[in-house]
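Right, one structure below, let's go through it.
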């Protein structure tokens, strides 16, 4: 029997334009979703505060009450309060794609690095990575999008409209910069949900496995929807 429980998605009211592939845009995920809005923007999570923590927890509780069987976050920096949000929701919760880090470390092995493509490398702090379950920064290569012109204008500064081809160029260029550091990369993790739109482009161009918040959403969804093998 297919579960009717939707996947809850926490997202900021001021997140700006979303493109297909971003879980915050209905239709991006191949199953029902329910959106839970939180006041503010990603900037609230650079340092964090009791106020934004409580708002995220309240929104997660509300999604669970409304029937969400699992919950994901539409901003990678929400990982700062992964533990608190999951506790408040009472259902399996991935506040960020970054919580996949400990699993990817086991899957990829110790001799290769995990590349993290983030919206802004100066905003993704040590506290966020520790909250995600990373025991250290060893084995991580982090590349930010802040120097890429179209991404900076549209996503960081919130000006202009999203152009697929211009953004694709920015994303692929940033990924190449990550690889050019010379360390062997076993997989790429996308912190920012705006990058999910280009996961296929990245996987085809780089010939690497690519993981994002959509990966976490589908993983959690599989816990709700199981196949019956009864004869």
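The values are calculated or read from the model by the stated rules, or taken from the named source; none is laboratory data. Just so it is clear, the structure is predicted and the values come from calculations on it, not from any experiment. When we count neighbours, we look across all protein chains shown, and the Cβ atoms used for this are built from the backbone with ideal geometry, even at glycine.
A few comments on the model shown:
- Boolean, residue 226 is at pLDDT below 95 and either closer than 22 Å to residue 121 by Cα or exposed (fewer than 14 other Cβ atoms within 10 Å of the Cβ) (or both): yes
- The strands (runs of 3 or more DSSP E) falling completely within the stretch 64-157 that include 1 or more residues that are under 14 Å from the mean Cα position of the chain (by Cα) and in contact (Cβ under 8 Å) with a residue 60 or more places away in the chain map to 70-73, 113-118.
- Within this structure, residue 189 passes the test of being modelled with pLDDT of 95 or more, outside any helix (DSSP H, G or I) and in contact with a helix residue (DSSP H, G or I) (Cβ under 7 Å, 6 or more places away or on another chain).
- Leading residue by the ranking (modelled with the lowest pLDDT) among those in the stretch 1-24 that are in a loop (DSSP other than H, G, I, E, B) and more than 24 Å from residue 157 (Cα to Cα): 1
- The listed residue being free of Cβ contacts under 8 Å to residues at least 24 places away in the same chain, in a loop (DSSP other than H, G, I, E, B) and out of contact with any strand residue (DSSP E or B) (no Cβ under 7 Å at 6 or more places or on another chain), out of 27, 48: 27
- Set 133, 76, 119, 69: member being buried (at least 19 other Cβ atoms within 10 Å of the Cβ) and farther than 26 Å from residue 16 by Cβ: 69
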